Each structure stands twice: as C-alpha cells, then as structure tokens.
Amino acid sequence: MSTKKTTRVVSADKMEFADAFQMFLGEVMLLNGEFMSAASERAADLDITPPQWQALILAAGQPRTVSQYARRLGTQRQNVQYTINSLVKRGLVELTDNPDHHRSPLIRLSSNGKKLLAKLRHRATDLSRQFTDGIDLTVEDLQRLGMELRQLRHQGRVRHKLG
C-alpha cells in the first residue's frame, strides 16, 4: 500500500514540476513576444523587422548557412531563407563561398549591416533598461538565468532528437 502512496506523491510532484515549467516557459515566450514587439516599434524608422534584426545578430557571429541558422533558431529553413534574401537585397548581409558545400553559401554581415547593427544594439540596450528597470536582478543573476535557460534548451534538443 505504501508503494501506491509513494507513486502518487512522485506522480503529483512530477505534475507540479511540469506545470511550473510550463508556466515558466509560457512567461519566457510572452516576454520574448513583448520584447520583439517593442523592438519592432524601436526599429520602425530603420525599416527592419524583428526576424531581420535577429538574423543580423546571428550574421555578426560565426558565418553559417541558412540551414544552420534555421536549426539554431528552431525554425523552418524557408523562413530564414526569405529573411536572408531580404537582407541581401538591402546590402546588409553577404553570401560568401562555403568550402564545405558549394551550394550552401555562408552568410556574413556587410559593412552596412555592421553599421545598422550598431544602431540596433544601442536601441536594444535602451529597451533592455526599460524592461529591467525596478527589477531586483544583478548582472550575475541574469547570467545565471541565461546559462540555466541554455542548459534547458540543450537538454530539450538532445532529448527531442533521441526520443
């Protein structure tokens, strides 16, 4: 009989944890939506959409292919391709030869893209201050939360692929 009670308690604990995780994940999604909406308003005069802004940030890092960006963002390759094409037309990113695959060019930020991204980063800093003003979090708290979110993302990705 005690086994059944233990099983029920463990099951209830798992459910409570799952519910708390879903609430947390929902808040992260809503926060992202609010931030992206505010970012879109902030960048309206620069004629840049949130997905384009995000692609510029990615292009500022290690050069990758459209497929690699799509996997990193967890979105469809076609959506990323559309966004990259629009940035290429505007001269904000460049497609360069990929030594590993001649039909999948690498995406790099152009000099115009670097200038625009510098403006966007300044606006993002101001926007971040608006979102965090009055919240009792330190830089260390945010770094720890960021690392824990990264861990959750990587663990979910690995388990999703296995399962």
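Considering every residue within the stretch 11-19, establish whether at least one is at pLDDT 85 or above and not in a helix (DSSP H, G or I). No; the residues of the stretch 11-19 include none that is at pLDDT 85 or above and not in a helix (DSSP H, G or I).
Residues in the stretch 20-48 that are touching a residue at least 12 places away in the same chain (Cβ under 8 Å) and not in a helix (DSSP H, G or I): how many? Residues flagged as touching a residue at least 12 places away in the same chain (Cβ under 8 Å) and not in a helix (DSSP H, G or I) within the stretch 20-48 amount to 2. Consider Ser111 against the criteria (1) of a type outside the set (Asp, Glu); (2) more than 30 Å from Val139 (Cα to Cα); (3) in contact with a Leu (Cβ under 7 Å, 6 or more places away or on another chain): it satisfies all of them except one. Which criterion is unmet? The one condition Ser111 does not meet is (3).
Within the option set Gly113, Gly156, being surrounded by 16 or more Cβ atoms within 10 Å (Cβ to Cβ) and either among the small types (Gly, Ala, Ser) or touching an Asp or Glu at 6+ places or on another chain (Cβ under 6 Å) (or both) holds for one residue only, Gly113.
Candidates Leu152, Leu142: the one that is of a type in the set (A, V, I, L, M), modelled with pLDDT under 90 and under 30 Å from Ala18 (Cβ atoms) is Leu152.
The values are calculated or read from the model by the stated rules, or taken from the named source; none is laboratory data. Source: prediction; values computed, not measured. For neighbour counting, all protein chains shown are included, and Cβ atoms are generated from backbone atoms with ideal geometry for every residue, glycine included.
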